[in-house]
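Just so it is clear, none of the values below were taken in a lab; they were calculated from the coordinates. The structure displayed is predicted, hence computed values, not measured ones. When we count neighbours, we look across all protein chains shown, and the Cβ atoms used for this are built from the backbone with ideal geometry, even at glycine.
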Amino acid sequence: MRAICPGSFDPVTHGHLDIIERASHMFDEVVVAVGRNSAKNYLFTPDERAAMLADATTGWPNVRVEMLDGLLVDFCRDRGIDVIVKGLRFASDFEFELQMAQMNFALSGIETIMLPTAARWAHLSSTMIREVAKLGGDVSQFVTPDVAARIQAKVARSEGGAA
Ligand code: PNS
C-alpha cells in the first residue's frame, strides 16, 4: 500500500520525521508531500522545504518527497495513493485533522490514519521553532543539523534586511 504524509514542513521537525519513519514501516511506499496552507505565511520556499525533507529522509528508501499543488485528494488519485497519514499531538490537532479527514473522505473516499506523535516530540511545532529561532534561541535539538543550519542562515539574512 502507498501512503502520503502531507504537510507544510516549514521546516521539517523531529516530530514530523518520527511520523514519516513510522509510516515507512507500515506501508510499501510513503510520499511526503510539501503542501501549501493558504492560512500560513512561510519562512522557507516550497523548494527549500522539499530539499530539507529530502536530506532528512535519505536513509529511508521507500520514502520520496514531492510538491503538492491543488487538492490533496486529486494528488492521491493521480498517484494511486491509498491512505493519508497524519500525526496528532494534542486534542486541538484532532479537531482540525478530523475535519480535514472527513472532507477528504467525502471528496474521494480516501482514508486518513492518525498516528499519535511520540511523547518526546509532542511539544514541537514548526511555528514555535521559527519563533524561537527568530528571537535568537537554539533550536538544534528539535531539527536535523541541516535544518538548523538553514534556519540560522535564514534568520541571519532577515536580520541583515535581505529576506
Ligand atoms: O502542515 P499543515 O500546514 O497542517 O499542512 C496542511 C496541508 C498542506 C496538509 C493541507 O492544507 C492540505 O492538504 N492542503 C492541500 C489542499 C487541500 O486539499 N485542501 C483541502 C484539505 S481538506
Item to complete: Kindly express, to the nearest 10 degrees and within the range 0 to 90, the angle between helix 91-108's C-alpha long axis and the longest C-alpha principal axis of the chain.
Response: 50 degrees
Item to complete: Could you pull out the trypsin sites (Lys or Arg not before Pro) across the range 1-48 that fall in loop regions by DSSP (anything but H, G, I, E, B) with no more than 15 other Cβ atoms inside 10 Å?
Response: 36, 40
Discussion item. Can you give me the long-range amide H partners of residue 7? Hydrogens built in the peptide plane at 1.01 Å from N, cutoff under 5 Å, separation of 5 or more residues or another chain.
Written reply: 33, 35
Worksheet entry | Virtual paramagnetic centre 7 Å along Cα→Cβ of residue 78, amide N under 13 Å, in the range 27-60 | 34
Fill in: Positive-pole candidate from 119, 142, 81, dipole of the chain, charges at beta carbon
142
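Restricting to the chain, compute how many DSSP beta bridges are antiparallel as a %, nearest 5.
0 percent
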Practice prompt. Search the structure for amide H atoms under 5 Å from the amide H of residue 87, placed 1.01 Å from N in the peptide plane, and list their residues when 5 or more places away or on another chain.
Written response: 115
Discussion item. Given N residues in the chain, what is its alpha carbon radius of gyration divided by 2.2 N^0.38 Å?
Written reply: 1.03
